[in-house]
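Novice: Attaching a single structure in structure tokens format; questions to follow.
What follows draws every value from the coordinates through simple rules; no lab data is involved. Because the structure is a prediction, the values reported are computed rather than measured. Please note: Cβ atoms are built from the backbone with ideal geometry, for glycine as well, and neighbour counts cover all protein chains shown.
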Amino acid sequence: MSRYTYRLMATDGMARRGELTTAHGVVRTPAFMPVGTQGTVKAMYTDQVRETGADVVLGNTYHLMLRPGAERVARLGGLHHFMNWPHTILTDSGGFQVMSLAQLRKLDDIGVRFRSHLDGAEHVLTPERSIEIQGLLGADIQMQLDECIRLPASEDEVARAMRLSLHWAERSKVAFEAMGGPDKGQGLHGIVQGGDVKSLRVESARALSAMDFGGYSIGGLAVGEPQDVMLDMLETTLPELPEDKPRYLMGVGTPEDILESVARGIDMFDCVLPTRAGRHGLAYTRFGKINLKNARHADDPRPLDADSDCPAARDYSRAYLHHLVKAGEALSMMLLTWNNLAYYQSLMAGMREAISTGTFADFREETLQGWAKGDI
Ligand code: GUN
């Protein structure tokens with residue numbers, strides 16, 4: 001059984017090329033993890049997700065505990081088997097989703113009590129129960145329960161949530177070890193909080209580093225602050241984290257956010273953007289974003305990107321995609337999601353190659369120019 005380990009293979013400036021080994025395979029970093037909230041990357045077959053180049057997908061404790069239930073997934077052989085994804089799975093701990101989706105939330109030191117957005121039933125999520133659920137699902141990479149607050153928020157409020165998250169980090173680690181996570185090759189991440197307050201970010205990162213997690217996630221960003229604030233927080237936080245552990249920026253982001261965050265030393269990302277935007281008629285390409293709803297595509301025989309390896313980008317005209325989007329056809333969601341995930345993965349592969357060859361600065365410049373030039 002492989003242990004959860006990270007190997008740093010090359011650096012270029014602050015950017016890092018590495019490999020993360022889990023019991024279900026090797027994750028090439030920098031990595032983008034498609035979001036599979038309900039045990040499915042929406043509108044995609046798992047084989048297709050794999051073919052775009054994904055090494056890991058993300059599942060959600062909050063959704064899966066409510067439906068179909070973690071104990072049921074465990075009885076049915078675990079999440080890998082249940083969703084037919086034999087590669088690495090990362091799960092979020094649930095706190096973030098409780099805050100955005102559940103009703104009648106009540107948070108205290110013990111955990112968070114809430115009503116399900118599905119049927120109003122009451123549930124309690126504690127750090128220990130979150131780890132138990134992630135273990136039942138069989139997640140290779142697990143997250144501590146934390147409290148993420150929206151920005152802007154007062155410094156007192158940010159400090160309170162960060163210190164509560166530190167307290168929950170300790171309890172999560174004890175539970176993870178008691179449940180034998182490390183023996184199953186699983187890894188647990190602590191989550192850095194601290195909002196937009198540098199001193200709180202540093203305090204959080206130092207305290208978590210001292211607890212010695214398998215990896216470190218950066219939470220509480222891309223929650224309403226401008227991009228330069230987010231990047232500033234990364235520049236403050238990352239030097240406080242150990243170099244021999246992976247760093248995961250949670251819930252980020254646009255292709256540009258990802259490029260700029262890799263430049264500052266982030267290794268892993270997840271975001272609903274490529275999948276959600278794909279279901280709303282938006283394509284991400286080398287030439288920037290293309291809104292297929294726009295009437296200017298109605299007579300355009302060109303594919304999204306004739307040079308792409310992805311059939312969705314290469315083999316269907318913009319006119320046809322425009323038609324599918326306007327007609328509300330399921331195939332528009334399937335093709336655009338596929339295109340977007342393939343584009344995100346090609347961006348990650350390009351960055352990995354550039355870091356390995358010491359050409360990241362050139363790659364960054366060319367990629368930014370491509371987006372700025374547009375698709376004509
Ligand atoms: N997803 C995006 N941001 C966060 C965060 O701060 N915490 C957790 N648990 N998940 C997230």
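Novice: Find the centroid of the Cα atoms in the range 336-376 and in the range 149-177, then give the distance between the two in whole Å.
Specialist: Using only Cα atoms, the two centres lie 35 Å from each other.
Novice: Moving on. Order by neighbour count: His63, His189, His81, fewest other Cβ atoms within 10 Å first, most last.
Specialist: Going from least to most buried by this count: His81, His63, His189.
Novice: Given a Förster radius of 22 Å and the C-beta distance between Asp307 and Thr359 as r, what FRET efficiency does 1/(1 + (r/R0)^6) yield to the nearest 0.05?
Specialist: After rounding, the FRET efficiency stands at 0.65.
Novice: For the chain, give me the percentage of DSSP beta bridges that are antiparallel, rounded to the nearest 5 percent.
Specialist: Antiparallel: roughly 50 percent of the beta bridges in the chain.
Novice: State the antiparallel share, in %, of DSSP beta bridges confined to the range 94-230, rounding to the nearest 5.
Specialist: 50 percent
Novice: Over the range 187-342, what is the percentage of antiparallel beta bridges among all DSSP beta bridges, to the nearest 5?
Specialist: 35 percent
Novice: Then there's this: Which angle from 0 to 90°, rounded to the nearest 10, does the C-alpha axis of helix 127-137 make with the longest principal axis of the chain?
Specialist: The answer is roughly 50 degrees.
Novice: Rounded to the nearest 500, what is the chain's calculated 222 nm mean residue ellipticity when only DSSP H runs of at least 4 contribute -39500 (n - 2.57) each, over all residues?
Specialist: So the calculated ellipticity at 222 nm is -12500 deg cm²/dmol.
Novice: Same structure, new question: Among Ala15, Ala277, Ala210, whose mean-square fluctuation peaks in a Gaussian network model of the chain (Cα, cutoff 10 Å)?
Specialist: Checking each option, the largest mean-square fluctuation is seen for Ala210.
Novice: To continue, here is another question. What GluC sites (Glu not before Pro) does the range 275-369 have in DSSP loop regions with at most 16 other beta carbons within 10 Å?
Specialist: Listed in order of number, the matching sites are Glu329.
Novice: Sort Leu234, Leu104 so that the residue with the fewest other Cβ atoms within 10 Å of its own Cβ comes first and the one with the most comes last.
Specialist: Leu104, Leu234
Novice: Quick check: the angle from helix 330-356's long axis to the longest principal axis of the chain, C-alpha only, nearest 10 degrees?
Specialist: 70 degrees
Novice: What pairs in Lys42/Lys289; Lys184/Lys245; Lys198/Lys373; Lys106/Lys245; Lys198/Lys289 have C-alpha atoms more than 24 Å from each other?
Specialist: Over 24 Å Cα-Cα: Lys198/Lys373; Lys106/Lys245; Lys198/Lys289.
Novice: Return a whole-number percent for the relative contact order of the range 176-222, with Cα pairs under 8 Å and 6 or more residues apart as the contact set.
Specialist: 44 percent
Novice: In whole angstrom, note down how far apart the Cα centers of the range 1-62 and the range 250-290 are.
Specialist: So the two Cα centres are separated by 15 Å.
Novice: Report the extension gain between Leu101 and His323 in nm, rounded to one decimal, defined as 0.36 nm multiplied by the number of residues separating them, less their alpha carbon distance.
Specialist: 76.6 nm
Novice: Restricting to DSSP loop positions (anything but H, G, I, E, B) with no more than 14 other Cβ atoms inside 10 Å of their own Cβ, which trypsin sites (Lys or Arg not before Pro) remain in the range 115-165?
Specialist: Arg150
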